[in-house]
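This report refers to the structure that appears directly beneath it.
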Amino acid sequence: MGRAFVYVILGGGVAAGYAALEFVKKGVSHAPARLPSFHTCVGANEERLTPKWYKEHGIELVLGTRVKSADVLGLRSLKNFGVNVSDAENVCYLRDVADANKLVDVMQSCAGGSAVVIGGGYIGMECAASLVINKINVTMVFPEAHCMPRLFTPKIANYYEEYYTSEGVNFIKGTVLSSFDFDSNGKAPINFFRTLRALSGKEFETSNLVEVAVLFAGTWNYNLPVQIQVYGEGGIKVNGKLQSSDSSVYAIGDVAAFPVKVFGETRRLEHVDSARKSAKHAVSSIMDSSKTEEFDYLPFFYSRVFTLSWQFYGDNVGEVICFGDFSGSTFGAYWVSMGYLVGSFLEGGTKEEYEAIAKTTRLRSAVEDLAESERQGLGFAVTISQKPLQSPPADVSGSDLLLEEKPLHVCMLQLGLF
């Protein structure tokens, strides 16, 4: 039998958890939101969203369920699903909570073993560090020339690769892995390492039986359950209120392609900070659109591994100015485009220094002399951030998806698992 809901949340990741929490903060009580796939525990000093929390706040939680199709004006259909992945006990993916739990169990049972991390991006780098901390020997394999190519310059990447190497991590670059071969016990056998050696032309230790091979799938492609406008090769296109081309549908987190006002472009960002803040903003838009301004988000990424800690704000386009001591613990870079600062990176900064590069990047500060800015280094951002704001930065927002006040539809759902 169908069930009626005023608000429906599709997905169970960080953004979904923050949206559920924000609905509760806004006073929505016993107006169930549905969270297919898995629940999330909200961090950053917020409440832990356990299944008990959802029940106490009137939010019906449906796990292990995928939305196959949806009609925002009428009936929706949900069906149980299973993800087709390898059952090999020593191959791990990282896409949801169940994957994370399996990975933790494998790490704890394989101290002293070996792991192969497929991919050299943000998640791969952080997981490699966790594996090392858990006393597992790590080899990273990726097709690019250096780690985190979407953000790091070769010079910045070299610093982190050298640090990881000092911690025992082995890098195999320029190598694409197409498949695994498994032995009769369902494990990726030792010839997996021999295959990597043949592909890369590099020698490394294969005398010990491989205890764990780790595969990370960084992106999960969605088949959209409703007919709404998408952006480029991925993402649901939304306006400054995070509202899609269907006025009753909002998108948040990794799937949302929203206007970044500071750059006047539409972007889709994959990071927990964007997920948290977009979730809160969307709920505010849903509850009281007239009092909610357009989402004004400065792209922000950060990572903390080993004794390292970096933050990045803005965009990594244009000319790069590196500053600081790359042989020490504090260094950074500025990205300058058309004479303006558009991106800032800092490793080993203080709270005040990170705030300074964030403020200077948001202001799109003019950079008249690249050499002088390089000489000033971090002082360039600190000095500008301490100046009183003379006038607000130019509004270069470019949202071309404008909708009238949304109609509110009661959603009827037919549950495939009931």
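Some notes on this structure:
- Reported count of residues in the range 256-284, each being acidic (Asp, Glu) and either in a helix (DSSP H, G or I) or surrounded by 19 or more Cβ atoms within 10 Å (Cβ to Cβ) (or both), is 1.
- Consider the range 328-372 and keep the residues that are in contact with a strand residue (DSSP E or B) (Cβ under 7 Å, 6 or more places away or on another chain), polar (S, T, N, Q) and in a loop (DSSP other than H, G, I, E, B). The one that is modelled with the lowest pLDDT is Ser365.
- Of all the listed residues (Ala275, Ala282), the sole one being touching a Gly at 6+ places or on another chain (Cβ under 6 Å), at pLDDT below 90 and closer than 30 Å to Val28 by Cβ is Ala275.
- Close pairs (7 angstrom Cβ cut-off, 6 or more residues apart or separate chains): free of Cβ contacts under 8 Å to residues at least 24 places away in the same chain in the range 325-352, of a type in the set (Phe, Trp, Tyr) and assigned to a strand (DSSP E or B) anywhere: Asp325/Phe331
- Hits in the range 297-306 (condition: farther than 16 Å from Gly343 by Cα, in contact (Cβ under 8 Å) with a residue 12 or more places away in the chain and not hydrophobic (A, V, I, L, M, F, W, C)): Ser303
- All positions within the range 302-327 that are surrounded by fewer than 20 Cβ atoms within 10 Å (Cβ to Cβ) and in a strand (DSSP E or B): Tyr302, Ser303, Arg304, Val305, Leu308, Ser309, Glu319, Val320, Cys322, Gly324
- Residue check: Phe300 meets all listed conditions (1) modelled with pLDDT of 90 or more; (2) over 19 Å from the mean Cα position of the chain (by Cα) but one, namely (2).
- Verdict on Lys55 being over 19 Å from Ser303 (Cβ atoms), outside the structural domain of His271 (by TED's automatic domain parsing) and either at pLDDT 75 or above or assigned to a loop (DSSP other than H, G, I, E, B) (or both): no
- Options Ser247, Ser290, Ser207; residue that is at pLDDT 60 or above, over 27 Å from the mean Cα position of the chain (by Cα) and hydroxyl-bearing (Ser, Thr, Tyr): Ser290
- Inspection of the range 95-111 identifies no residue that is touching a residue at least 40 places away in the same chain (Cβ under 8 Å) and assigned to a strand (DSSP E or B).
The values are calculated or read from the model by the stated rules, or taken from the named source; none is laboratory data. No experiment lies behind these values; they were computed from the predicted model shown. Every residue, glycine as well, gets a Cβ built from its backbone with ideal geometry; the counts of neighbours run over all protein chains shown.
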